[in-house]
Each structure stands twice: as C-alpha cells, then as structure tokens.
Amino acid sequence: MAIIGNYHHVHLTSPDPRAAAEWYEEFLGGKIVDDAELRGARNVRVTLGESFLFIRGERADESISPPPKSESNALGSIIFASM
C-alpha cells in the first residue's frame, strides 16, 4: 500500500501492539521497523509508504477501551479489526 501524503506519522494504541503491527504488515504492505519498550509501554513502529504508524500498548495507569460498534465506520472497522 503506497501512502504518499502530507503527514509523517499516526499514533495508535492497542492491547497487543505487535499483533496490530503484524496485521498492517500482512494486509497493507507495511514494514515493522522498531519494537521497543518506551515510557512504560511497548511501542512498535511500522512504515507504510512515506508515513509511519506508531502503535503502542497500555501504560500502567491506562485502560484501552474497545472501539464503538458501527457498521458505517469503515476506517474504524479496518483499524480496530487488527487489534
């Protein structure tokens, strides 16, 4: 998936950042370029064309809520299906 645009990166949170990153790698042609602990959470960076996805897990004082259920939110369905 070639993403060419005006943004550098997007931040996402996931209960399992590595699994989410692998989904973007397998289904959208991303490439995992970093996987490290940072500020109390696992962080996985994925390149998609000229842009990055920064996917991080929960920190000790956080709780990631499940996505809202909506048939009409296609982008949300794609993003959250990977998590």
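Miscellaneous remarks
- Full-extension gain in nm, Glu58 to Ala36, via 0.36 nm per residue minus C-alpha separation: 6.6 nm
- Over region 7-46, relative contact order from alpha-carbon pairs under 8 Å, at least 6 apart, %: 34 percent
- With K and R counted +1 and D and E -1, the other residues having a Cβ less than 14 Å from that of Gly29 yield a net charge of -3.
- Accessible area in the full protein assembly, largest first, 1.4 Å probe, for Glu50, Glu58: Glu50, Glu58
- Local net charge near Thr47, Cβ-Cβ under 12 Å (Lys/Arg +1, Asp/Glu -1): -1
The values are calculated or read from the model by the stated rules, or taken from the named source; none is laboratory data. It should be emphasised that the depicted structure is a prediction, and the values quoted were computed from it without experimental measurement. As a convention, Cβ positions derive from the backbone with ideal geometry for all residues, glycine included, and neighbour counts pool all protein chains shown. With ligands, DNA and RNA removed, areas are computed over all heavy atoms of the protein, side chains included. Shrake-Rupley method; radii C 1.70, N 1.55, O 1.52, S 1.80 Å.
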